[in-house]
Amino acid sequence: MLNSMTGYGRGEAVLHQHTIVVELRSVNNRYLDCNVRIPRIYACAEEAVISEIKSSVSRGKVDVNVTVDSSGADAVSVSLNQPVAAGYLKALREMAQTYELRDDVSVSLLSRFPDVFRVEKVPENLEQLTEDIREVTRMALKDYNAMREREGQKLAEDLLSRLDLMEAYTARVEERSPETVAAYRERLTNRIREVLEDKQIDESRILTEAAIFADKVAVAEETVRLRSHIAQFRDMIAKGGVIGRKLDFLIQEMNRETNTTGSKCNDLTLSTIVVDMKAELEKIREQVQNVE
């Protein structure tokens, strides 16, 4: 099974009163390039996210967006600010003595003054939160990889159909190549006959020239290697895995054999076939750039 390097995945869960959302997007890249966007307060979880990505993705530019809503987990600690409360109480009692007022200071009265209570947010368990973010990242990866597999299946089908075309073109080259030698021999015979008119034609000389020409335009080695590369290409697709670079190398080799075939062509029909082969190889190369 092939995997595409382009894909999207999303994971969302409420864990320990935190709503966590992880989104993954990727495009083609020669190597793995992972970029994580995460709230600064939770930056401690970035390495965990990258670790999960690396365990599942080998190539591609992956953008990860992590959002954490902790409003449901907001817990506070309320404690008495004793120095402040004692100061207010002392001042109130001094006021009562100085102005001969009834001392009716109560808890409800004292609690109304500013800063009598110290309100603090309870620190979050960042270790637990990191594990929760890691879990949601795995959920997003599952969705992301499923999409990449679907895209990879389409890529495989397209590549295989184009390999069939390449094989058909190769067969046409193999079929046409001997005909060019026969055509050359016929042209050579006619030219010599025109020059010599009614004189005896040296058949051995014609055979020698035809043999030299045949050796120059022979493409058997190139077509055999092309067929071998096509077979290897199919085998790699069947086995699947991380094969993008290997397929890219095979494309280069196939292109080299096609160029050599083109350089040996001394025939319009063969030249046209080679042009079609190059066009098809370029389409295959473009598709291979999407394979992980």
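The values are calculated or read from the model by the stated rules, or taken from the named source; none is laboratory data. Treat the numbers as computed from the prediction; the structure is a model and nothing was measured. All Cβ positions, even for glycine, are placed from backbone atoms using ideal geometry, and neighbour counts span all protein chains on display.
Scan the range 228-267 for residues that are among the acidic types (Asp, Glu) and either modelled with pLDDT under 90 or farther than 28 Å from Ser58 by Cα (or both) and the total you get is 2. Is it fair to say Glu46 is closer than 16 Å to Glu135 by Cα, within 22 Å of the chain's Cα centre (by Cα) and not in a strand (DSSP E or B)? Yes, satisfied.
Would you be able to say whether some residue in the range 58-68 is of a type in the set (Ser, Thr, Tyr) and exposed (fewer than 13 other Cβ atoms within 10 Å of the Cβ)? Checked the range 58-68: no residue is of a type in the set (Ser, Thr, Tyr) and exposed (fewer than 13 other Cβ atoms within 10 Å of the Cβ). For Lys264, state whether it is within 20 Å of Glu157 (Cα to Cα) and either surrounded by fewer than 19 Cβ atoms within 10 Å (Cβ to Cβ) or among the basic types (Lys, Arg) (or both). No: the conditions fail for Lys264.
Filtered by the rule that a residue be among the polar types (S, T, N, Q) and under 31 Å from the mean Cα position of the chain (by Cα), the range 146-178 gives Gln153, Ser161.
Flag set for Leu2, criterion: part of a loop (DSSP other than H, G, I, E, B) and crowded, with 19+ Cβ neighbours inside 10 Å. The residues of the range 267-292 that are surrounded by fewer than 20 Cβ atoms within 10 Å (Cβ to Cβ), over 30 Å from Ala238 (Cα atoms) and in contact (Cβ under 8 Å) with a residue 40 or more places away in the chain, listed by number, are Asp267, Thr269.
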